[in-house]
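The structure appears right after this line, and notes come after that.
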Amino acid sequence: MAIRCIVVTPERTELDTEATSVTLPMFDGSLGVLPNRAPMIGRLGYGKLELETSAGPQRFFVDGGFAQVEGNTVNLLTSRSIPVDLLDVGEAEKALAEALDMSARTPEQAQLRETAIRRARGQLRAAR
């Protein structure tokens, strides 16, 4: 039995494929999804989406968003999805350094800094 995984960004549907299992980067840790899982809705974190397909494993960096599991369908709404093969460790390390150097004098700046740090760390983990 297969799971249909659909990844949608503001620009387009990035992915629509079948997999035997899906691992989601949730805000508070990873979540494995197998066929016939109970329905759920959750907040995505910044990290690696992993799919086991008949053609082999597929890996993507997802940039936060929301996940819905219903029936044997996993729907992800994210601001962007990048194949892990296209990520560069050097660029991710640079983005993390820049995020750590951001000012956090106001609550708004602190929130932006924290989001940038989470995004960069997720990208770095996915790139490695």
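Structural remarks
- Whole-percent carbon and sulfur share, accessible surface of the stretch 3-84, 1.4 Å: 50 percent
- For residue 79, residues with placed amide H under 5 Å, excluding near neighbours: 63
- Helix-only mean residue ellipticity at 222 nm for the chain, each DSSP H run of n ≥ 4 adding -39500 (n - 2.57), per residue, nearest 500: -8500 deg cm²/dmol
- Surface composition of the stretch 87-127: carbon plus sulfur atoms contribute 48% of the solvent-accessible area (1.4 Å probe, protein chains only, all chains present).
- Relative contact order (%) - the chain, alpha-carbon pairs under 8 angstrom, separation at least six: 23 percent
- Considering only alpha-carbon pairs that sit under 8 angstrom and 6 or more positions apart, the relative contact order computed for the stretch 87-127 is 55 percent.
- Mean-square fluctuations from a GNM of the chain, with a 10 angstrom spring cutoff on Cα atoms, peak among 16, 101, 88 at 101.
- The modelled label-to-label distance for the pair residue 94/residue 36, using points 7 Å beyond Cα in the direction of Cβ, is 5.0 nm.
- Label sites at residue 112 and residue 73, each approximated as a point 7 angstrom past Cα along Cα to Cβ, lie 3.8 nm apart.
- For residue 45, the residues whose amide H sits under 5 Å from its own are 26, 27, ignoring neighbours fewer than 5 places away on the same chain, with H placed 1.01 Å from N.
- With both labels modelled 7 Å from their Cα along Cα-to-Cβ, the residue 102 to residue 11 distance reads 2.1 nm.
- Taking one quarter of the surface of the convex hull spanned by the alpha-carbon atoms of the stretch 47-128 gives a direction-averaged projected area of 6.4 nm².
- Tilt relative to the chain, helix 89-100 - C-alpha long axis, 0 to 90 degrees, to 10: 50 degrees
- Over the chain, accessible surface divided per residue gives 58 Å², non-protein components excluded, 1.4 Å probe.
- Relative to the globular-protein estimate of 2.2 N^0.38 Å, the Cα radius of gyration of the stretch 3-84 stands at 0.95.
- Residues whose placed amide H lies under 5 Å from that of residue 74, excluding near-sequence neighbours: 4, 5, 6
- ³J(HN,Hα), Karplus 6.51/-1.76/1.60, whole Hz, each residue of the stretch 37-46, x for Gly, Pro: 5, 4, x, 6, 10, x, 8, 6, x, 9
- Sparse-neighbour loop sites [GluC sites (Glu not before Pro); the stretch 1-103; at most 11 other C-beta within 10 Å; DSSP]: 11
- GNM remark for the chain: springs join alpha carbons under 10 Å apart, and the peak mean-square fluctuation among 118, 105, 43 falls on 105.
The values are calculated or read from the model by the stated rules, or taken from the named source; none is laboratory data. Please read these numbers as outputs of a predicted model, since none were measured by experiment. Here Cβ is always computed from backbone atoms with ideal geometry, including for glycine, and neighbour counts include all displayed protein chains. For the accessible areas, the whole protein counts, side chains as well, though only heavy atoms, and no ligand, DNA or RNA atoms are used. Shrake-Rupley method; radii C 1.70, N 1.55, O 1.52, S 1.80 Å.
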